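The values are calculated or read from the model by the stated rules, or taken from the named source; none is laboratory data. Just so we're clear, the structure is a prediction, and the values are computed from it rather than from any experiment. As a convention, Cβ positions derive from the backbone with ideal geometry for all residues, glycine included, and neighbour counts pool all protein chains shown.
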Amino acid sequence: VPRCLNSVNSDKSLIPVERAVFVGFFLIAVITCGIFIELWVYLHKNISCQIIKDKTLMVLGLFPVISIACQLGTTVPRAATLVDLVIAVYTGISLFGFFHLTVAYLGGQNELLDKLQFLETPMSVGPCCCCCLCLPKLKITKKVYTVLRVSISQTMILLPVLQFINAVLWADGKYYKELNVHNPLFYIGILMTISTLTSLYVFNLLMRGSFQIAERTLNLVPKYAMIILCMVITTLQPLIIETLTGYNVIPCWSSFYWEGRASEIDHMLKILEMFILMLVSRWYYRKPTPVLPMSFENSLQETPCMAE
């Protein structure tokens, strides 16, 4: 196995094929941003409800933000930790934004609770308890809703804090090497994963109840799946790649022959993944949003906006 270097490759040492690859990823990031701008124009022309419009743009902004940040990370590899900090902050904001978007879709908080309190939501949901069939069913009352909301919002606070600690250790220079069990960054990654899984589990409880009300008409499953996949990519993927490089499962090779190659590989993969997720999201968010079922008193376009 070749010895990994501490320094980053200079662009002069890149062969033409490698330069073409970097240019290709740059173009993919630009296209992702272009798709977001096209969706921004579409939403402003076709969605009259300001709440739904703002929350939708907040959620969809996750993909171009990650693409741009990762493109900067591949251009300046030593800034990888700062890039991950930006991604962690906006990922938490986007998840919380989708939570409020779902509430707005279903008529606002009061309307949502009026419907969910009569439904029994199974607690045996993923990603943590999908096999625990013995767990009781839960009625989402106002008190339970508050607990769910806090459990989801903890990701918006905890992930940036942990990533900030990561950035401080990176600035110290002692731990900016391959990840292993003796590196504190390894355990920070585990805590970030636990925070993400907890938030996703709690969110799944709320979404399972919401699916019983208006899933088919609002396409909540595919829209939520995009957020889930993005959170898995931003949280679990770096930990997996860094662990593999730490134990030389992914050895030093070609332009990735330095100790921080895990972040560079991770960022390149994210650029491609965000492009795919942006395309799929465009398909579902451009679909005409129908009115709510007859059990709701007001239409989708009117109910959330009346709260203004």
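Considering only the range 123-152, state which residues are buried (at least 16 other Cβ atoms within 10 Å of the Cβ), in contact (Cβ under 8 Å) with a residue 12 or more places away in the chain and not in a loop (DSSP other than H, G, I, E, B).
Passing the criteria: 138, 145, 148, 149, 151, 152.
Which of the residues that make up the range 111-122 are out of contact with any strand residue (DSSP E or B) (no Cβ under 7 Å at 6 or more places or on another chain) and surrounded by 12 or more Cβ atoms within 10 Å (Cβ to Cβ)? Can you show your working first?
To start, the set of residues in the range 111-122 that are out of contact with any strand residue (DSSP E or B) (no Cβ under 7 Å at 6 or more places or on another chain) comprises 111-119.
Of everything in the range 111-122, those that are out of contact with any strand residue (DSSP E or B) (no Cβ under 7 Å at 6 or more places or on another chain) and surrounded by 12 or more Cβ atoms within 10 Å (Cβ to Cβ) turn out to be 111, 112, 113, 114, 115, 116, 117, 119.
Quick check: anything in the range 211-220 in contact with a strand residue (DSSP E or B) (Cβ under 6 Å, 6 or more places away or on another chain) and modelled with pLDDT of 75 or more? Show your work before the answer.
Step one: of the range 211-220, the residues in contact with a strand residue (DSSP E or B) (Cβ under 6 Å, 6 or more places away or on another chain) are none.
No - not one qualifying residue is present in the range 211-220.
Here is a check on your reading of the model: is residue 89 surrounded by 22 or more Cβ atoms within 10 Å (Cβ to Cβ), touching a residue at least 60 places away in the same chain (Cβ under 8 Å), touching a helix residue (DSSP H, G or I) at 6+ places or on another chain (Cβ under 6 Å) and part of a helix (DSSP H, G or I)?
Values: surrounded by 22 or more Cβ atoms within 10 Å (Cβ to Cβ): no; touching a residue at least 60 places away in the same chain (Cβ under 8 Å): yes; touching a helix residue (DSSP H, G or I) at 6+ places or on another chain (Cβ under 6 Å): yes; part of a helix (DSSP H, G or I): yes.
The answer is no for residue 89.
Every residue in the range 265-285 that is under 21 Å from residue 46 (Cβ atoms) and either aromatic (Phe, Trp, Tyr) or at pLDDT below 85 (or both), please.
283, 284, 285
Suppose we keep only residues that are farther than 15 Å from residue 267 by Cβ and surrounded by 15 or more Cβ atoms within 10 Å (Cβ to Cβ) within the range 1-17. Which one would you say is modelled with the lowest pLDDT?
Residues of the range 1-17 that are farther than 15 Å from residue 267 by Cβ, as a first pass: 1-7, 10-17.
Restricting the remaining residues to those that are surrounded by 15 or more Cβ atoms within 10 Å (Cβ to Cβ) gives 4, 14.
On the way: 4: 55, 14: 60.
My answer is 4.
Quick grid of which residues meet (1) modelled with pLDDT under 85; (2) under 19 Å from residue 280 (Cβ atoms); (3) assigned to a helix (DSSP H, G or I):
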residue: 38; (1), (2), (3): no, yes, yes
residue: 43; (1), (2), (3): no, yes, yes
residue: 48; (1), (2), (3): yes, no, no
residue: 53; (1), (2), (3): no, no, yes
residue: 57; (1), (2), (3): no, yes, yes
residue: 64; (1), (2), (3): no, yes, yes
residue: 70; (1), (2), (3): no, yes, yes
residue: 74; (1), (2), (3): yes, no, yes
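Might you let me know whether the range 94-110 holds any residue that is out of contact with any helix residue (DSSP H, G or I) (no Cβ under 7 Å at 6 or more places or on another chain), closer than 25 Å to residue 236 by Cα and among the hydroxyl-bearing types (Ser, Thr, Tyr)? Walk me through it before giving the result.
Here is the first cut: in the range 94-110, the ones out of contact with any helix residue (DSSP H, G or I) (no Cβ under 7 Å at 6 or more places or on another chain) are 110.
Okay, now just the ones that are also closer than 25 Å to residue 236 by Cα, so none.
No, the range 94-110 contains no residue that is out of contact with any helix residue (DSSP H, G or I) (no Cβ under 7 Å at 6 or more places or on another chain), closer than 25 Å to residue 236 by Cα and among the hydroxyl-bearing types (Ser, Thr, Tyr).
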